Amino acid sequence: MNFELTDEQRLMRDNLRSFLTRECPIEYVRECDEQERFPIELYEKLAAEGWLGLPIPEEYGGMGGSCTDLVVFLEEFARHFEAGANLYYTTVVIATDALVHFASEAQKRELLPKLARGEIRFALSLSEPNSGSDAASLRTRAVLDGDEWVINGQKMFCSAAQVADYILLMARSDNEAPKHKGITMFLLPVGTPGVEIRRLKKLGLRPMDLNEIFLTDVRLPKDSIIGEVNKGWTNVLKTLDYERCCLSAVNVGAAQKVLEYILEYTSEREQFGQKINSFQLTRAKLADMDMEIEAARLLLYRSADLVDRGIPNNKESAMANLYSSETYVRAALNGMRMMGGWGYLMEYDMQRHFRDSKLAEIGGGTSEILRIIISRELTK
C-alpha cells in the first residue's frame, strides 16, 4: 500500500501552506483564541480561494476532492490553526457528507453551491443532556402535525451553532421504535421561531463556540428532512466514520505543530551551560513524540484510503481517531513539561495546545467509546 502523496496533493498542500502563512499568522490565531470569536476574515478568504468547496462534488460547485485530499488539507490547516481546522470540518464537511449521501437532489442543488461559496454554514446537533456517548437514546421529540413537524426538546454540546445558518438536528420521530430506529435528521434554519441557542463557556478551542439548544414548539415543513423519516441513525453512522477520519487529520496536524514548536524551543533554551535538547531525557521525549505522530499519520492515511475505496472502516477510523487524539494530548503535555514555567504562561502557544488537545479525547467519541468500537470489531 502506497501512502505517498500524489503530485496534485503535494501542490495543494504547498499552496495551502503558502496561503495560511500569509493569511493566518500566529498573531491572528492568538487573537481569535483570546477574543473567543469565529475567524470570519479567514473563512471569507478560504471561500474566495475555493477551499470551502474541496469536499463538495464538482457538479454542485465544489472541487470534488477525495477523503485523502481532505485529510491532507485538514492536517496542514491544523498545523497553522487547529480551531480553524475544526471549524472547517464542523461547518462544511459534516454537512457535505450528509447532503451528498442522503439529501434530495433539490436540496443538494440548493445548499451545496452556497456552502462551497461560503454563503451558508452548518452545525450538527446530536448530543443531549442525558445522551452523550449513548447518543441514540436522545429524547428530543418530533411529531407530525398535518404538513408540519413540531419539535420539542433540548440539545447539548452543539459546536458552531452561533455561526450556523442551518442545524442538522437529530430528533426522535417514532417513540415506539427501538432507540436506534425512529430517529430523523431535520434541516433546521437557526432563525426558526422556538429555537433558543445559548453559548457555553469551555476550556479550549475558543474560536469554536459550543452551545445548548432549547426547542419549544418548533415548526418545520414536512419535507425539512435529510434522508428518510425514521432512518436518521443511518445518516449519523455514515457521518461518524468519516468524522473520525477527518478529526484524526486535525489531531495529527496539531500534534505536528507542537513538535515543531518544542524542537525550536529546546534548540534555543539553555540550562546548566548547554541547550536543553542535548539532555537525554529531552531527546527521549522528542523521539517519542515524533514516533507517535508518524504512527498516527499512518493510521490516518490508511483510514482515508479505505474511505476512498469504499471499504467499511469502522475499526480503522476508530483506531486512527483514538491514537491520534491521545498522541496530541501527550505531545501537548510533554511540550508543557519541557517548557517548564514558560509553557504555563498565556503569552506562549503551548498552553493553547494544552487546552485545545483535551477535546480530541472527547469529541467524535471518547477514548473509552473508541476502544469499545475497536474491541467489538475484533470479537465479531
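Residues checked against (1) at pLDDT 95 or above; (2) among the polar types (S, T, N, Q); (3) assigned to a strand (DSSP E or B); (4) under 28 Å from Ser324 (Cα atoms):
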| position | (1), (2), (3), (4) |
| --- | --- |
| Ile197 | yes, no, yes, no |
| Glu212 | yes, no, yes, yes |
| Ser248 | yes, yes, no, yes |
| Glu264 | yes, no, no, yes |
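What's the number of the condition Cys32 fails, among (1) open to solvent by 20 Å² or more (accessible area, probe 1.4 Å); (2) touching a residue at least 12 places away in the same chain (Cβ under 8 Å)?
Only one criterion is unmet by Cys32, namely (1).
I need a count of the residues in the range 43-65 that are hydrophobic (A, V, I, L, M, F, W, C), part of a loop (DSSP other than H, G, I, E, B) and open to solvent by less than 30 Å² (accessible area, probe 1.4 Å).
2
Given the structure, is Asp217 on the phi > 0 side of the Ramachandran plot and open to solvent by 60 Å² or more (accessible area, probe 1.4 Å)?
So Asp217 passes the test.
In the range 109-155, which residue that is crowded, with 19+ Cβ neighbours inside 10 Å and out of contact with any strand residue (DSSP E or B) (no Cβ under 9 Å at 6 or more places or on another chain) is farthest from Phe214 (Cα to Cα)?
Among those residues, the one meeting the criterion is Ala116.
Taking the range 280-302 only, how many residues are within 25 Å of the chain's Cα centre (by Cα) and more than 13 Å from Glu260 (Cα to Cα)?
The total comes to 11.
What are the pairs with Cβ atoms under 7 angstrom where one residue, in the range 287-310, is closer than 18 Å to Ala255 by Cα and the other, located anywhere, is open to solvent by 40 Å² or more (accessible area, probe 1.4 Å)? Sequence gap at least six, or different chains.
Glu292/Arg330; Ala295/Tyr323; Ala296/Tyr323; Leu298/Phe3; Leu299/Met319; Leu299/Tyr323; Tyr301/Phe3
Determine, yes or no, whether Phe38 is of a type in the set (A, V, I, L, M, F, W, C), at pLDDT 95 or above and outside any helix (DSSP H, G or I).
Spelling it out, Phe38 is indeed of a type in the set (A, V, I, L, M, F, W, C), at pLDDT 95 or above and outside any helix (DSSP H, G or I).
Among the residues of the range 72-81, are any open to solvent by less than 10 Å² (accessible area, probe 1.4 Å) and of a type in the set (D, E, K, R)?
yes
Can you pull out every residue in the range 20-34 that is in a helix (DSSP H, G or I) and either among the charged types (D, E, K, R) or within 21 Å of the chain's Cα centre (by Cα) (or both)?
Leu20, Arg22, Glu23, Ile26, Glu27, Tyr28, Val29, Arg30, Glu31, Cys32, Asp33, Glu34
With the requirement that a residue be open to solvent by 70 Å² or more (accessible area, probe 1.4 Å), farther than 19 Å from Val71 by Cα and acidic (Asp, Glu), what does the range 1-29 give you?
Glu27, the sole residue that qualifies.
For Leu247, all conditions in the list (1) open to solvent by 60 Å² or more (accessible area, probe 1.4 Å); (2) within 30 Å of Val100 (Cβ to Cβ) hold save one; what is the number of the exception?
(1)
Given the options Ile225, Ile183, name the one that is over 20 Å from Gly365 (Cβ atoms) and of a type in the set (Val, Ile, Thr).
None of the others qualify; the one that does is Ile225.
Which of the residues that make up the range 125-184 are basic (Lys, Arg) and assigned to a loop (DSSP other than H, G, I, E, B)?
Correct list: Arg139, Lys179, Lys181.
The values are calculated or read from the model by the stated rules, or taken from the named source; none is laboratory data. This structure is a prediction, so every number in the text was calculated from the model and none was measured. Cβ: placed from backbone, ideal geometry, glycine included. Neighbour counts: every protein chain shown. SASA here: full protein model, heavy atoms, side chains in, ligands and nucleic acids out. Shrake-Rupley method; radii C 1.70, N 1.55, O 1.52, S 1.80 Å.
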